[in-house]
Amino acid sequence: ISSTKDMRQYIEKYYSDKMTLSAYTVKEAIEKATKATKKVSSDAENAEALFALADAYEDAGSLVNGSDELAAKYYLMSAKLNKVEAMEKMADCYYYGKGVPKNYDNAFHWYTAAEENGSENVYAILGTMLIEGEGCERDIESGLSYYRKESRLRPTSLIVRVLNCFDGMPESYSRNKE
C-alpha cells in the first residue's frame, strides 16, 4: 500500500462483503492500514489515513477486541488534524460513550468544531444539546436557531415538526421553562 487511496481501497475490499468477513481479514486490513499511516507525507493525507483506520476499527465491531477504543483513538487523531468527518465521529463517540466514556462537554466541543469547519450534519444535535443544556449552558434560542438551519437543509425532517411546536408556543413559556 503506497497511498491513502490504496489503503482505503484495500480496507473497502474487505468490508464490501460483510458475510465473508472474518477476524483474520479484519486484522490483516487494519495491519496494512496502520503501516500506510506511517508512509504519508502531509497532515491532510495523514488525517485521511487515520480516519480510514478508525472506520476500519469501528466496522470491525466484535471481530477485533478493543475496536471501539481504537476507533475513537484514531478519530481523535484525525480530528486534531482538522478532518471534519472525524470531528463528527469523535463527537458521536463522546455523546454515546462509544470507545470513550460518555462526556457531553467533549461531544459539544467536537460538534461545534465540526460546524465551525463547515459541517452541516451537526445542526440537529447541536440544537438538541443547546436546548437540553448537554455539555453547554442551556440556550433555547440558539438551539432553535440550529433547528432552523437543519429544517432549511432537510425540510421533511422531524426537526420541522418540533420547530413548529416551539414557534407556536407563547414566548414566556419557551424562555422560562427550565
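The values are calculated or read from the model by the stated rules, or taken from the named source; none is laboratory data. Computed from a prediction, not measured in an experiment: that's the story for all the values here. Virtual Cβ from ideal backbone geometry, glycine too; neighbours counted across all protein chains shown. Heads up: the accessible areas ignore ligands, DNA and RNA and are worked out on the full protein's heavy atoms, side chains in. Shrake-Rupley method; radii C 1.70, N 1.55, O 1.52, S 1.80 Å.
Consider the range 77-136 and keep the residues that are free of Cβ contacts under 8 Å to residues at least 12 places away in the same chain and under 19 Å from Ala54 (Cβ atoms). The one that is least open to solvent (accessible area, probe 1.4 Å) is Gly97. Kindly provide the set of residues from the range 46-86 that are under 24 Å from Glu120 (Cα atoms) and of a type in the set (Val, Ile, Thr), ordered by number. Once the filter is applied, which keeps residues that are under 24 Å from Glu120 (Cα atoms) and of a type in the set (Val, Ile, Thr), the range 46-86 yields only Val84. The set of residues from the range 66-86 being of a type in the set (Lys, Arg) and farther than 15 Å from Ala114 by Cβ comprises just one member, Lys73.
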